[in-house]
Every structure is written in structure tokens, then in C-alpha cells.
Amino acid sequence: MLHWLWLSVAVIALDQLTKWLAVKFLFGQPPVVIVSGFFDLTLVYNTGAAFGFLRDAGGWQNAFFIGVAAIVSVLLISMLRRLNTHEVQSAVAFALILGGAIGNVIDRVHRGYVVDFIHWFYRDWHWPAFNIADSAITIGAVLLVLDVLGIHLLRARTS
């Protein structure tokens, strides 16, 4: 099932391209309104993990998150190798999570933080800004949970 690694590569490429565009066009600019009162593009540099977890930890967290992502990446590739051809949903989930993890690690290694720019909100309620890598990780995690629950949205084609 390693042929699903193309999906990881696609996530990494799309993630890095959108982050580059975000920095290029959003740096020093006010948020770009996409849907008024609900969705905009706002450049955020995140030194923490999801939802800014550990962002104020003093700097050690960057190396920690890089290490965790490296270990998780090795495990995901190992798990992907062991899947049977009919386990498409798990393969897609692992590939999405792997691509997202590597996309954010590239930022951490290159910049020392992760570039986030997608911002959803409603009135005073704000979802923390995120990026394509975070989205891929989330979608992959949801697919895995559904798989465990026996809900298979993605199946192998049969001839």
C-alpha cells in the first residue's frame, strides 16, 4: 500500500505552496475576508502544536514536536506497508496524516514555527488558525475513527 504515498507528497506540496502564498501575500496585511463574519485568511506564526498548545514553552517544544513527528512518520510508513489492499480507508488516512505531519515539520525545521492562515470564526467565537497540513491530519484522524467504528467511506474497487 506504499503507492498511497503519492497522497502524502501531494499534501506536502499543497501545504508548502499555500504557506508560501500566505507569507507572500498576507505578511503585514490585515485579514483577507473570504466570507464576512465567518471566514478569513490571517497570517499566524505558531510555535506550539494544535490550538497553540505549548506555544509559550520557551523554545524546547519545537525540537520536541520535530522528534514526535519523525517517530510518528516512521510508524505511519510501517503501518502503511502492512495494510492489505482492501484497507483503502486506513491507507488514505495514514497518507494524509503523514503528509500533514511532514508539512508542519518542514516549517519547524526551516522557520522554527508553523505558518497558519485559515481562520474560521463566528462573532466572538474563533477557531484557532490552521493550515492545509492540519486539515489533512484532521481528515486522516476522522477517517481512522470511522474505520474503527466500522464506517467505511472508502473501499477498494472490485473487478
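If you go through segment 122-159 and keep only what is assigned to a loop (DSSP other than H, G, I, E, B) and farther than 9 Å from GLN89 by Cα, you end up with ARG123, ASP124, TRP127, PRO128, ALA129, ASN131, LEU149, GLY150, ILE151, ARG157, THR158, SER159.
Taking the listed residues ALA91, ALA101, ALA133, ALA70, the one that is more than 30 Å from ILE34 (Cα to Cα), surrounded by 21 or more Cβ atoms within 10 Å (Cβ to Cβ) and not basic (Lys, Arg) is ALA91, with no other qualifying.
So is GLN61 farther than 23 Å from ALA13 by Cα and part of a helix (DSSP H, G or I) or not? Criteria met by GLN61. Look at (1) part of a helix (DSSP H, G or I); (2) surrounded by 18 or more Cβ atoms within 10 Å (Cβ to Cβ); (3) at pLDDT 95 or above; (4) not hydroxyl-bearing (Ser, Thr, Tyr) and you find that VAL115 fails only one, number (1). Note on segment 1-17: residues that are small (Gly, Ala, Ser) and exposed (fewer than 14 other Cβ atoms within 10 Å of the Cβ) total 1. Taking the criterion of being in contact with a helix residue (DSSP H, G or I) (Cβ under 9 Å, 6 or more places away or on another chain) and among the basic types (Lys, Arg), the only residue of segment 1-37 that qualifies is LYS19.
Of all residues in segment 18-44, how many are surrounded by fewer than 15 Cβ atoms within 10 Å (Cβ to Cβ) and among the hydroxyl-bearing types (Ser, Thr, Tyr)? Of the residues in that region, 1 qualify. Filtering segment 131-157 to residues that are in contact with a His (Cβ under 9 Å, 6 or more places away or on another chain) and at pLDDT below 95 leaves ARG155, ALA156.
When residues in segment 20-43 are screened for being part of a strand (DSSP E or B) and modelled with pLDDT under 95, 0 of them pass.
The values are calculated or read from the model by the stated rules, or taken from the named source; none is laboratory data. Only a predicted model underlies this, so the values are computations on that prediction, with no experimental measurement involved. Every residue, glycine as well, gets a Cβ built from its backbone with ideal geometry; the counts of neighbours run over all protein chains shown.
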